[in-house]
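Data block below; observations after.
Every number in this text was worked out from the coordinates using simple rules, so none of it is lab data. For clarity, every value in this text was computed on a predicted model and none was experimentally measured. Cβ atoms come from the backbone with ideal geometry, glycine included; neighbour counts cover every protein chain shown.
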Amino acid sequence: MSNKKSFYITTTLPYVNAEPHIGFAMELVHADIIARAKRLQGFEVFLNTGTDEHGQKIYKAALNSGKEPQEYVDELSDKFEILKLDLGLTNDLHFIRTTENSHQKAAQKFWELCEKAGDIYKKKYKTRYCVGCELEKTDSEIENNRCILHPNLELEIREEENYFFRFSKYGQKLLDLYNNNPEFVIPDYRLNEIKVLIKKGLEDFSISRLKEKMPWGISVPGDSEHVIYVWFDALVNYISTLGWPENIAQFEKWWPVVQFAGKDQVRQQAAMWQAMLISAGLTSSKQIVIHGFLNFGGEKMSKSLGNFITPQDVIGKFKLDGLRYFLSREFNQFEDTDVSWNKLKELYNANLANGLGNLVSRIMQLAETNLEETPELPKEAIPPEFFAFLDKYQINKATNYIWQKIGELDVLIQEEKPWESKNKEVIRELVLKLYSIARMLNPIMTGTSLEIESLIKTNKKPEYPLFPRINA
Ligand SMILES: [Zn+2]
């Protein structure tokens, strides 16, 4: 195994105060696509996801529902773990929960390292706190005395003695990190966003809570009156999932990580977490890929607006590979996308029922009728251009490339009219080109890819449409 290349990719850990929505499904499926593509390229891959389970919001939600916090997070964590099956994720995915014993110990060890570096100190302070974000808010994040992201929640004013992390010390070190790695954050305008923030000057941030006010967290080492702040604890998952600090060999095999995260996570992932790593004496992450949000019917999805879509809703109407298709091609990876059921139906009918589905039926009908056997299939059927897109995490572009090939194949059929000529050479060429399309679909729509491959290998037309038209 030592000659194998290794690749580690993670999503953020969603906070389990609500059920998973389609935005998180996008992050997971995108990470899964990259993991599968890397495996096809001969890499050994570690794909990480899981659940973030401490903090005030969860503590309150548990109390409100009359449950013990542990019982409450167990139930919600199950709903996230089930995504593994529902989204067709690769089955050797690692799922970490921040309430696991080994993670708790890792978070405490990480704290001790930052403390040793002189980066943790105690201070009395007054703060404006958004329970929606589980974050203290600074002036630039407040509008009309409310958090910009949660205008429907009152900010809480808090005064207490907390431990602080010396974030202010890391401005230049972070700028050096970005300058030495111009693609550290993708897309580049997200990196610029964070550079602007840093140049304004960084403020130290609080990393503990008083246990008597909020007991649902990991104890601060050496101070039983405080628990570790939920963000500080959760970020450590990216290394605790590798067995750090117990299993250093495994940690070194996989680290550093490629992180997928939403656009509300730039500051935490690209700056706070990176400063924490430097403080603990660990190497920075490898890259951070930031995605946009999905809106529905022109509005941000939310339970209260009644426009909250789960991945299971989409799968119910369009099947798993319908969902994976939308997430890969039709939802803009880096910008926000507005979705509606009508638009999804149109895209499905045009590109899956008519586009891909029709193409497979036509070519395999010709093959079954005119060829005695499957033409010899090449070992390498995926063009390097396709992998080149995915090496840059450009999932939209990689999937567009496949549909470009589907379009070219449609044109070729129109020109050659093989149903009239019955030209076997032409039909063999069509089958080989379809095979290349099936192989490229493998990381993106795995079930469909395997189904097309199986039709090609048995030289049979499909007995039913791969993507039946949806009229309702
Ligand atoms: Zn907020």
Which lysines, on any chain, are close to LYS213 with Cα under 16 Å apart, when same-chain ones fewer than 8 places away are left out? LYS57, LYS60, LYS124, LYS126
Return the tail of the calculated pair distribution for the stretch 289-329, meaning the percent of Cα-Cα pairs more than 12 Å apart. 65 percent
Cross-link partners among aspartates and glutamates for LYS345, C-alpha distance below 14 Å, same-chain residues fewer than 8 apart left out? ASP313, ASP321, GLU330
What lysines does LYS5 reach when the alpha-carbon gap must be under 23 Å and sequence neighbours fewer than 8 apart in one chain are set aside? LYS38, LYS253, LYS286, LYS379, LYS392
So how tilted is helix 395-416 from the main axis of the chain? Cα-based, degrees 0 to 90, rounded to 10. 10 degrees
Helix-only mean residue ellipticity at 222 nm for the chain, each DSSP H run of n ≥ 4 adding -39500 (n - 2.57), per residue, nearest 500: -13000 deg cm²/dmol
If I model a spin label as a point 7 Å beyond the Cα along the Cα-Cβ vector, how far apart are those points for ASN181 and LYS123 in nm? 2.7 nm
Let me test this: with uniform point scatterers at the alpha carbons of the stretch 1-56, what is the Debye-based log₁₀ I(q)/I(0) at q = 0.29 1/Å? -1.13
Where a ≥ b ≥ c are root eigenvalues of the Cα gyration tensor, a/c under 1.5 meaning rounded, otherwise prolate if a/b exceeds b/c and oblate otherwise, the stretch 259-418 counts as oblate
Stokes-Einstein diffusion coefficient of the stretch 93-171, Kirkwood radius over Cα pairs, 20 °C, 1.002 mPa s, in µm²/s: 142 µm²/s
Based on the alpha-carbon gyration tensor of the stretch 33-95, what equivalent-ellipsoid semi-axes (square roots of 5 times the eigenvalues) come out, in whole Å, largest first? 33, 11, 7
SER340 to ASP313: extension gain in nm, 0.36 nm per residue of separation minus the Cα-Cα distance? 8.5 nm
In degrees, nearest 10, range 0 to 90: what is the angle between the Cα axis of helix 311-325 and the longest Cα principal axis of the chain? 60 degrees
Find the eigenvalues of the gyration tensor of the Cα atoms of the stretch 181-243, then list the square roots of 5 times those eigenvalues as equivalent ellipsoid semi-axes, largest first, in whole angstrom. 31, 17, 9
One finds, for SER140 and GLU429 with R0 = 41 angstrom and r their Cβ-Cβ distance, a FRET efficiency to the nearest 0.05 of 0.10
Explain nothing, just the number: dipole magnitude of the stretch 341-458 about its Cα centre with +1 on each Lys and Arg Cβ and -1 on each Asp and Glu Cβ, in debye rounded to the nearest 20. 380 debye
How high is the relative contact order of the chain? Use alpha-carbon pairs under 8 Å, at least six apart in sequence, and give a whole percent. 15 percent
What does the highest-first list of 79-85, 228-234 look like by mean Cβ count within 10 Å? 228-234, 79-85
Starting from the amide H of ARG97, placed 1.01 Å from N in the peptide plane, find each other amide H under 5 Å away whose residue is 5 or more places distant or on another chain. THR51
By what distance, in whole Å, do the Cα atoms of the stretch 341-458 stretch along each of the three principal axes, largest value first? 40, 36, 25
Using a basic spin-label model with each label point 7 Å from the Cα along Cα→Cβ, how many nm lie between TYR464 and VAL411? 3.5 nm
If one takes the longest principal axis of the Cα atoms in the chain, at what angle in degrees, from 0 to 90 and to the nearest 10, does the Cα axis of helix 101-116 lie? 60 degrees
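How long are the three semi-axes of the equivalent ellipsoid for the chain, computed from the Cα gyration tensor as the root of 5 times each eigenvalue, in whole Å, largest first?
46, 24, 20
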